[in-house]
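Comments concern the structure below.
The values are calculated or read from the model by the stated rules, or taken from the named source; none is laboratory data. Predicted, not measured: the structure shown is a model, and the values here were computed from it. Because the Cβ atoms are built from the backbone with ideal geometry, glycine has one as well, and the counts that use them run over all protein chains shown.
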Amino acid sequence: MIVTLCLIVAGLIVSWFVAGALVAPNPRVIGDPPRELNATAFTMNSDSGSLISGWHTQPNSSNGVIVLLHGIRGSRLSMLDRARMLHDAGYATVMIDLQAHGESPGDVITVGYLEQHDVRAAVEFARREHPDEPIGVIGVSLGGAAALLASPLDIDALVLESVYPNIHDAIHNRVAAKLGPLSSIPASLLLIQLQPRLGISPTELRPIDHIPDIQCPVCVASGTEDQHTTESETHAMFSAAAEPKHLWLVDGAAHVDLFRDDPIQYRQQIVRFLDGHLRDNRKDASENQ
């Protein structure tokens with residue numbers, strides 16, 4: 001009995017420190033905006049309580065503006081390759097550091113809960129800077145979860161890359177990827193810390209429940225070998241979305257940057273999706289005026 005009690009206490013202590021490391025802020029110096037993208041730096045207030053830092057890139061002639069949202073422990077630098085691709089395709093971009101990431105201050109990463117406010121602020125910034133242009137959002141992992149929690153956003157297209165459906169599965173999948181069949185207890189110990197550590201209930205971190213709120217075309221993308229967001233979970237996310245929608249499963253890809261995994265196919269899939277719902281719709285609107 002004493003040995004069992006000691007093991008439980010040790011497990012709680014270890015899981016507390018592990019969870020603390022997972023949600024600890026990830027600050028970093030970003031540097032100057034890329035000149036080749038005609039980029040300018042900006043800051044904006046967010047209801048997350050953070051002063052959000054970002055870059056605004058503009059091509060010579062814009063077909064629309066895309067808000068780029070990075071994954072957990074990333075920054076706007078994680079989205080720079082996508083910004084270059086979109087710049088070449090004629091799209092402006094708004095890249096931000098979500099709260100507690102990069103140059104945006106924050107006390108703790110909240111897996112989308114506070115970050116949803118940063119998404120809303122970024123979309124509003126894009127709308128102010130491009131008042132008569134269509135708006136798209138590309139959200140990777142945490143960024144996509146935050147975009148769903150923030151929905152509806154009154155945008156014209158949404159790309160969700162490797163986005164977890166609910167925090168219960170997200171934590172269990174990640175622990176299972178490390179510990180295999182021994183994952184159940186450690187994962188449960190991490191889950192019960194959400195309320196005391198972050199003040200968030202697991203029911204408040206269910207991005208899949210917000211898919212019906214999107215109110216715009218959606219592309220759901222993930223890798224077939226992703227152990228963090230499994231193929232079956234990706235299909236569930238896709239099934240929850242209304243038409244028009246597009247599913248892109250990247251054969252053999254894990255929980256990785258899908259652009260870097262296959263940049264050619266990424267351009268074909270994602271730019272084609274955005275063109276179909278942003279550029280083409282804008283052309284139709286101008287012809288009907």
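Return the residue satisfying two criteria in turn: it lies in the range 160-175 and is part of a helix (DSSP H, G or I) and among the hydrophobic types (A, V, I, L, M, F, W, C), and of such residues it is modelled with the lowest pLDDT.
Val175
Show the residue pairs meeting these rules: Cβ distance below 7 Å; 6+ apart or different chains; first residue within the range 250-262 and more than 13 Å from Ser78 (Cα to Cα); second residue of a type in the set (Asp, Glu) and in a loop (DSSP other than H, G, I, E, B).
Val250/Asp262; Gly252/Glu225; Ala253/Glu225; Ala253/Asp226; Ala254/Glu225; Ala254/Asp226; His255/Asp226
Restricting attention to the range 24-44, does a residue exist that is closer than 23 Å to Pro105 by Cα, modelled with pLDDT of 95 or more, assigned to a helix (DSSP H, G or I) and small (Gly, Ala, Ser)?
no
Out of the range 202-220, which residues are touching a helix residue (DSSP H, G or I) at 6+ places or on another chain (Cβ under 6 Å), within 16 Å of Val163 (Cα to Cα) and surrounded by 21 or more Cβ atoms within 10 Å (Cβ to Cβ)?
Leu205, Pro207, Ile211, Cys219, Val220
Which residue, of Ile185, Ile155, is β-branched (Val, Ile, Thr) and in a helix (DSSP H, G or I)?
Values: Ile155 fails: in a helix (DSSP H, G or I).
That would be Ile185, the only listed residue that is β-branched (Val, Ile, Thr) and in a helix (DSSP H, G or I).
Quickly run through the range 49-66 and pick out the residues that are touching a residue at least 60 places away in the same chain (Cβ under 8 Å) and not hydroxyl-bearing (Ser, Thr, Tyr).
We begin by selecting, within the range 49-66, every residue touching a residue at least 60 places away in the same chain (Cβ under 8 Å); these are 49-50, 52, 54, 56, 62-66.
Once the filter is applied, which keeps residues that are touching a residue at least 60 places away in the same chain (Cβ under 8 Å) and not hydroxyl-bearing (Ser, Thr, Tyr), the range 49-66 yields Gly49, Ile52, Gly54, His56, Asn63, Gly64, Val65, Ile66.
Limited to the range 50-82, what total is found for residues that are surrounded by fewer than 24 Cβ atoms within 10 Å (Cβ to Cβ), of a type in the set (A, V, I, L, M) and touching a helix residue (DSSP H, G or I) at 6+ places or on another chain (Cβ under 8 Å)?
Total satisfying the criteria: 1.
Does Thr230 fit the bill of being loosely packed, with under 15 Cβ neighbours inside 10 Å and in contact with a helix residue (DSSP H, G or I) (Cβ under 7 Å, 6 or more places away or on another chain)? Show your work before the answer.
Working: loosely packed, with under 15 Cβ neighbours inside 10 Å: no; in contact with a helix residue (DSSP H, G or I) (Cβ under 7 Å, 6 or more places away or on another chain): yes.
No: the conditions fail for Thr230.
When you scan the range 86-132, how many residues do you find that are in a loop (DSSP other than H, G, I, E, B), hydroxyl-bearing (Ser, Thr, Tyr) and crowded, with 22+ Cβ neighbours inside 10 Å? If you could, list the steps in order and put the result at the bottom.
Of all residues in the range 86-132, those in a loop (DSSP other than H, G, I, E, B) come to 89-91, 97-100, 103, 105-114, 130-132.
Pick out the ones that are also hydroxyl-bearing (Ser, Thr, Tyr) and you get 91, 110, 113.
Those left that are additionally crowded, with 22+ Cβ neighbours inside 10 Å: 91, 110.
Here the count works out to 2.
Restricting to the range 154-172, count the residues that are more than 13 Å from Glu233 (Cα to Cα), hydrophobic (A, V, I, L, M, F, W, C) and touching a strand residue (DSSP E or B) at 6+ places or on another chain (Cβ under 7 Å).
The qualifying residues number 4.
Counting only residues that are in contact with an Asp or Glu (Cβ under 9 Å, 6 or more places away or on another chain), under 24 Å from Lys178 (Cβ atoms) and not β-branched (Val, Ile, Thr), how many does the range 222-248 have?
Count: 6.
From the set of residues in the range 159-201 that are within 22 Å of Ala146 (Cα to Cα) and of a type in the set (S, T, N, Q), which is surrounded by the most Cβ atoms within 10 Å (Cβ to Cβ)?
Ser162
When the residues of the range 40-49 are filtered to those that are touching a strand residue (DSSP E or B) at 6+ places or on another chain (Cβ under 9 Å) and over 15 Å from Val123 (Cβ atoms), which remaining residue is surrounded by the most Cβ atoms within 10 Å (Cβ to Cβ)? Break it down stepwise before answering.
We begin by selecting, within the range 40-49, every residue touching a strand residue (DSSP E or B) at 6+ places or on another chain (Cβ under 9 Å); these are 40-46, 48.
Those left that are additionally over 15 Å from Val123 (Cβ atoms): 40-41, 43.
Details: Thr40: 12, Ala41: 14, Thr43: 12.
Per the criteria, the residue is Ala41.
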